[in-house]
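Asks: My questions will all concern the structure given below.
The values are calculated or read from the model by the stated rules, or taken from the named source; none is laboratory data. These figures come from a predicted structure and were not determined experimentally. Here Cβ is always computed from backbone atoms with ideal geometry, including for glycine, and neighbour counts include all displayed protein chains. In case anyone asks, the SASA skips ligands and DNA or RNA and just uses the protein heavy atoms, side chains included. Shrake-Rupley method; radii C 1.70, N 1.55, O 1.52, S 1.80 Å.
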Amino acid sequence: MGVSYTPQYIADTIGGILYGNPSEVSEIRFLLTDSRKLVFAPSSLFFALKTSKNNGHNYIGPLVEKGVQCFVVSELPQNKEWLQRACFVLVNDTLEALQKLVSVHRNHFSYPVVGITGSNGKTIIKEWLSQLLSEKFFLVKNPRSYNSQTGVPLSVWEMDASHEIGVFEAGISRLGEMERLEPVIRPRWGIFSNIGPAHNEGFPDITAKIHEKLKLFARAELLIYHCDNDSLDNTILKWASAHNHVQLFRWGSKCDADMTVVSRDTTPTGTYVKLKVGEQFFEHRVPFSDEASLENVLHCLAFLHSRGFANGWINERLLQLRPVAMRLEMRQAINDCILVNDAYNSDILSLGIALDFLNTQVKQKEKVLILSDILQAGMDHEKLYRQVAGLVKAKGIKKLIAIGEALSLNKHFFKGLKADFFPDTKSFLKDWDFNQFREQGILVKGARDFGFESISNRLQHKDHQTVLEINLDALVHNLNVYKSLLKPGVKLAAMVKAFSYGSGSYEIAGLLQYHQVDYLAVAFADEGKELRNAGISIPIMVLNPELHNMDVLFRYKLEPEVYSLELLKKLEKEASLHMDNNTSEPYQVHIKLDTGMHRLGFLENELDVLLLELKKCSHLKVSSVFSHFAASDLDAFDDFSKEQMEKFHTMCHKLEQGLGYSFLKHISNSAAISRLPEAQMGMVRLGIGMYGVDANPAIAGTLQPVATFKSVISQIKEVPAGHTVGYNRAAKLQRDTRLAIVPVGYADGLNRRLGNGKGSLFVNGHKAPLVGNISMDMCAIDVTGIPASPGDEVIIFGVNPSVVDMARLLETIPYEVLTSISARVKRIYFQE
């Protein structure tokens, strides 16, 4: 990096005070803000960030044990052993310290940096501009959409003397954030993509939002933007009058623009654009025709023309642009494998992100990495591939398939791994027996030039085209919404019963474990067994333990709900057979009380007998006592909910007095977390809320939909008026009708009651009514007047219509809609 980042240098740079033992730390090379992403412990610096949801200081102990020797903290640890084994830089604000350190690091490099901000399109513009410039320059950029207050400094830290240009995006959500990011990026050249409604709630008005984003360009020499938006154009022109060192390069349809779009001619394979720059005319062909893509690529062209880079070579590179894969995607693959597809990105930072996703989300124990050369990395190959090898080994990869000449030349770094090397993708596809892949988790990670999509296509199933997409980012967002509502110290149990509300068992449980929920709750012991076999290690509560399979509870360390004396006696007897009284801790159980729901649980008049029996149970210990609200989502029954709370408190007090020790108490479900904060107690149970459903409108508006149920059009046919459609000739057409056949039916979870016009599916944003009876495997929709072709996507529910809309139409609840989606519908998990 040019500078030796020793603990003392870092302390001096960020204005901190150095404590502890820095003698073992030679140089810091890696910055860490998430303890779960540790790879190279001795050369890592951990910033203990504090947020409304978490406190990084809680993870110092485990990191010291793993070998981390340097920390930036705002609270000095009291553990003397830690101070002997590691050093600590004490500051007032650890996030500010992170940004300050990287700002100083950024100042060591004089090559130009492009800064990109705006409401939409930042990541696409960054990726496309990087693709175009990488032909001529060694380039460094953010991985994926690492554009936040922490993501930007972690990205800029990768700047190195071997790079020739940097391209970084910055996103903000409130006032005051951009002035913290400007010194970190300090762009010489800027692109303002556009302005829209995203994060409007963080700003007084649209003008204030524009001005906040413009702070990124306070020291820039050039700013490029689309001037057809009058509000944006007028605000920037006024801003520029006070920042006369910034040259504006305006593009659009206006005649006074620096780059005028003279004409656009759309063809089946893309668009021809004619541009006027100064007095010269240029023609470019781009492989896109939709408005959003054209705007993004025109931003790139405006930059290239403004810098004099739009010579003949650029036209060939433009035709090689492809839609950017904005997400990591996981799906079922051949031979019981799971495929994680990241076939369009290749850099060291995004490799680490993808490997973390593989380890978190894929239950298969053996992990395989199919990796291409990392192109245009701007780093010495020996240094680069030594680091890649260290990362791959640290992340537990057992099998490597390396494709590319650079990887082959540096194969000695990968000793200790089962590894096969191929010169190119064609050779791999020709020589590799894909039947060797069995019950493995496979990450496909390649630079675009290697065409790894052909590998992904060979690996994934080609069957049913109806899928349920699960947005893992949305699920984490919703989890954090509820975490932010909890009082300090309140634990969280996440409900993953019923196949995680239809969304997938291990895939959801693995994500929740990664995000450190305190408990998982399943309905039956077999569900818990499956999670344990898949590597889930956090406590699992079983809500409906059955008398016939007690052995499973003990063998897999599952903690049962106890709702009857018969079950309690059976558990005590079974525990005595499984536990050694001299060495084993008592077995944890959870007592269910009936406070008014009148399903499972002990009534108030049964507590005396329960206490007598519990005192006889030397092998069991009460970990928690809980109950269940009957109607916490309905205002009309708030008085009854309060009666339940009071009864619960009374019953818990009696149990504590009788047992002589305290335990966790919990009664709150998703609705109660937001509506009845006084009921949070020691723990809450979060279920449907994680999937974006809450009866409280104030909370529902902050949640994101997690599941999208979708299919495709198989066939389109013109059917004359008077003909009938489907079984029982239930629909008789009143006019000539354009019908689309969709391969989704009631066996997939499309409720039969939606047929005959009661429900609709959505095609290209248009509502298409269901025609006739819904069949087991397919249905028909009316696409008359709707732009539609075979292969087009069909939305059953997702953002619009939502699962709540679907439930309302069926006069049921979202739980039923989600859990009705059958197992034959493939679940596809993705993360941005």
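Asks: Give the residues of the stretch 148-170 that are more than 21 Å from T33 (Cα to Cα) and part of a loop (DSSP other than H, G, I, E, B), sorted by residue number.
Replies: A161, S162, H163, E164
Asks: Would you point out the residue of the stretch 277-309, among those that are without any contact (Cβ under 8 Å) to a residue 12 or more places away in the chain and charged (D, E, K, R), that is most open to solvent (accessible area, probe 1.4 Å)?
Replies: Looking at residues that are without any contact (Cβ under 8 Å) to a residue 12 or more places away in the chain and charged (D, E, K, R), I get E279.
Asks: Is there any pair linking a residue in the stretch 359-388 that is assigned to a helix (DSSP H, G or I) to one that is at pLDDT below 85 and small (G, A, S), with Cβ under 8 Å and at least six apart or on different chains, and which?
Replies: Hits for this filter: L384/A377.
Asks: Considering only residues that are part of a helix (DSSP H, G or I) and open to solvent by 10 Å² or more (accessible area, probe 1.4 Å), which ones fall in the stretch 62-81?
Replies: P62, E65, K80, E81
Asks: Which of (1) at pLDDT 90 or above; (2) within 24 Å of I828 (Cα to Cα) does F357 not meet, given it meets every other one?
Replies: Evaluating F357 over (1) at pLDDT 90 or above; (2) within 24 Å of I828 (Cα to Cα) leaves (1) as the failure.
Asks: Determine the pairs where a residue that is over 22 Å from V3 (Cβ atoms) and in contact (Cβ under 8 Å) with a residue 24 or more places away in the chain, located within the stretch 144-164, has a partner that is open to solvent by less than 20 Å² (accessible area, probe 1.4 Å) and not in a helix (DSSP H, G or I) with Cβ atoms under 6 Å apart, the partner being 6 or more residues away or on another chain.
Replies: N147/E169; N147/A170; N147/G171
Asks: Further question: Every residue in the stretch 267-308 that is within 28 Å of E169 (Cβ to Cβ), assigned to a strand (DSSP E or B) and more than 32 Å from the chain's Cα centre (by Cα), please.
Replies: Of everything in the stretch 267-308, those that are within 28 Å of E169 (Cβ to Cβ), assigned to a strand (DSSP E or B) and more than 32 Å from the chain's Cα centre (by Cα) turn out to be T271, V273, L275, V277, F282, H284, R285.
Asks: Would you be able to say whether some residue in the stretch 248-255 is of a type in the set (K, R), surrounded by fewer than 18 Cβ atoms within 10 Å (Cβ to Cβ) and within 38 Å of the chain's Cα centre (by Cα)? Spell out the reasoning first.
Replies: Pass one, the stretch 248-255, residues of a type in the set (K, R): 250, 254.
The next check asks that each one be surrounded by fewer than 18 Cβ atoms within 10 Å (Cβ to Cβ); those that pass are 254.
Cutting the leftovers down to within 38 Å of the chain's Cα centre (by Cα) gives us none.
Within the stretch 248-255, not a single residue is of a type in the set (K, R), surrounded by fewer than 18 Cβ atoms within 10 Å (Cβ to Cβ) and within 38 Å of the chain's Cα centre (by Cα).
Asks: Let me ask you something else. Collect the residues in the stretch 821-832 that are surrounded by fewer than 17 Cβ atoms within 10 Å (Cβ to Cβ) and at pLDDT 90 or above, keeping them in residue-number order. So that I can check it myself, show each step before the final result.
Replies: Kept after step one, since they are surrounded by fewer than 17 Cβ atoms within 10 Å (Cβ to Cβ), are these residues of the stretch 821-832: 822-824, 826, 832.
Of everything in the stretch 821-832, just one residue is surrounded by fewer than 17 Cβ atoms within 10 Å (Cβ to Cβ) and at pLDDT 90 or above, namely S822.
Asks: Residues of the stretch 349-370 being open to solvent by less than 10 Å² (accessible area, probe 1.4 Å), of a type in the set (A, V, I, L, M, F, W, C) and under 24 Å from R29 (Cα atoms), which ones?
Replies: L351, A354, L355, F357 - these are the residues of the stretch 349-370 that are open to solvent by less than 10 Å² (accessible area, probe 1.4 Å), of a type in the set (A, V, I, L, M, F, W, C) and under 24 Å from R29 (Cα atoms).
Asks: Can I ask one more? Quick test for you: out of S173, S145, pick the one residue that is in a loop (DSSP other than H, G, I, E, B), of a type outside the set (A, V, I, L, M, F, W, C) and out of contact with any strand residue (DSSP E or B) (no Cβ under 8 Å at 6 or more places or on another chain). It would help to see each step written out before you state the result.
Replies: On the way: S145 fails: out of contact with any strand residue (DSSP E or B) (no Cβ under 8 Å at 6 or more places or on another chain).
After ruling out the rest, the residue left standing is S173.
Asks: Under the condition of being over 18 Å from C300 (Cβ atoms) and open to solvent by less than 10 Å² (accessible area, probe 1.4 Å), which residue from the stretch 118-152 is modelled with the lowest pLDDT?
Replies: P143
Asks: Of all the residues that make up the stretch 708-720, how many are open to solvent by less than 50 Å² (accessible area, probe 1.4 Å) and either within 30 Å of Q831 (Cβ to Cβ) or not β-branched (V, I, T) (or both)?
Replies: Count: 6.
Asks: Right, here's the next one. Just to check your reading of the model, which residue among G166, G202 is surrounded by 23 or more Cβ atoms within 10 Å (Cβ to Cβ), under 34 Å from the mean Cα position of the chain (by Cα) and either within 29 Å of F47 (Cβ to Cβ) or β-branched (V, I, T) (or both)?
Replies: G166
Asks: Does any residue in the stretch 36-60 that is loosely packed, with under 15 Cβ neighbours inside 10 Å come within less than 8 Å, Cβ to Cβ, of a residue that is outside any strand (DSSP E or B) and among the aromatic types (F, W, Y) six or more places away or on a different chain, and which pairs are these?
Replies: As it stands, the answer is R36/Y514, since those pairs meet every condition given.
Asks: Which residues, counting only those in the stretch 126-138, are farther than 9 Å from E169 by Cα and either within 26 Å of the chain's Cα centre (by Cα) or part of a helix (DSSP H, G or I) (or both)? Don't jump to the end; show me each part of the working.
Replies: Step one: filter the stretch 126-138 for residues farther than 9 Å from E169 by Cα, giving 127-138.
Residues satisfying the conditions are E127, W128, L129, S130, Q131, L132, L133.
Asks: State the number of residues belonging to the stretch 169-183 that are open to solvent by 20 Å² or more (accessible area, probe 1.4 Å) and at negative phi.
Replies: 7
Asks: For the stretch 404-428, which positions are of a type outside the set (K, R) and open to solvent by 40 Å² or more (accessible area, probe 1.4 Å)?
Replies: Selection gives E405, L409, H412, G416, D420, F421, P423, D424.
Asks: Residue under question is A419, and the condition is that it be part of a helix (DSSP H, G or I), touching a Leu at 6+ places or on another chain (Cβ under 8 Å) and hydrophobic (A, V, I, L, M, F, W, C); does it hold? Can you show your working first?
Replies: On the way: part of a helix (DSSP H, G or I): no; touching a Leu at 6+ places or on another chain (Cβ under 8 Å): yes; hydrophobic (A, V, I, L, M, F, W, C): yes.
No.
Asks: Would you mention how many residues in the stretch 756-768 are surrounded by 17 or more Cβ atoms within 10 Å (Cβ to Cβ), closer than 21 Å to V799 by Cα and not β-branched (V, I, T)? Lay out the reasoning, then the answer.
Replies: Keep residues of the stretch 756-768 that are surrounded by 17 or more Cβ atoms within 10 Å (Cβ to Cβ), which gives 756, 759-763, 768.
After this cut, where a residue has to be closer than 21 Å to V799 by Cα as well, the list is 759-763, 768.
Pick out the ones that are also not β-branched (V, I, T) and you get 759-762, 768.
Residues meeting the conditions: 5.
Asks: While we're here: Mind checking which residues of the stretch 15-32 are in contact (Cβ under 8 Å) with a residue 40 or more places away in the chain and either open to solvent by 40 Å² or more (accessible area, probe 1.4 Å) or hydrophobic (A, V, I, L, M, F, W, C) (or both)?
Replies: G15, I17, L18, Y19, G20, N21, P22, E24, V25, I28, L31
Asks: Residues being open to solvent by less than 20 Å² (accessible area, probe 1.4 Å), in contact with a Lys or Arg (Cβ under 7 Å, 6 or more places away or on another chain) and in contact (Cβ under 8 Å) with a residue 60 or more places away in the chain: count how many of those fall in the stretch 769-797.
Replies: Here the count works out to 3.
Asks: For the stretch 310-331: of the residues being over 30 Å from D473 (Cα atoms) and in contact with an Asp or Glu (Cβ under 8 Å, 6 or more places away or on another chain), which is surrounded by the most Cβ atoms within 10 Å (Cβ to Cβ)?
Replies: R317
Asks: Listed residues L593, L571; which is among the aliphatic types (A, V, I, L, M), touching a Gly at 6+ places or on another chain (Cβ under 7 Å) and in contact (Cβ under 8 Å) with a residue 40 or more places away in the chain?
Replies: On the way: L571 fails: touching a Gly at 6+ places or on another chain (Cβ under 7 Å).
Among L593, L571, only L593 is among the aliphatic types (A, V, I, L, M), touching a Gly at 6+ places or on another chain (Cβ under 7 Å) and in contact (Cβ under 8 Å) with a residue 40 or more places away in the chain.
Asks: Hey, E212 hits all of (1) in contact (Cβ under 8 Å) with a residue 40 or more places away in the chain; (2) in a helix (DSSP H, G or I); (3) over 19 Å from S155 (Cα atoms); (4) open to solvent by 10 Å² or more (accessible area, probe 1.4 Å) but one; which does it fall short on?
Replies: Condition (4) is where E212 drops out.
Asks: Which numbered condition trips up N341, out of (1) open to solvent by 10 Å² or more (accessible area, probe 1.4 Å); (2) touching a strand residue (DSSP E or B) at 6+ places or on another chain (Cβ under 9 Å); (3) under 25 Å from S193 (Cβ atoms)?
Replies: Among (1) open to solvent by 10 Å² or more (accessible area, probe 1.4 Å); (2) touching a strand residue (DSSP E or B) at 6+ places or on another chain (Cβ under 9 Å); (3) under 25 Å from S193 (Cβ atoms), the lone unmet condition for N341 is (3).
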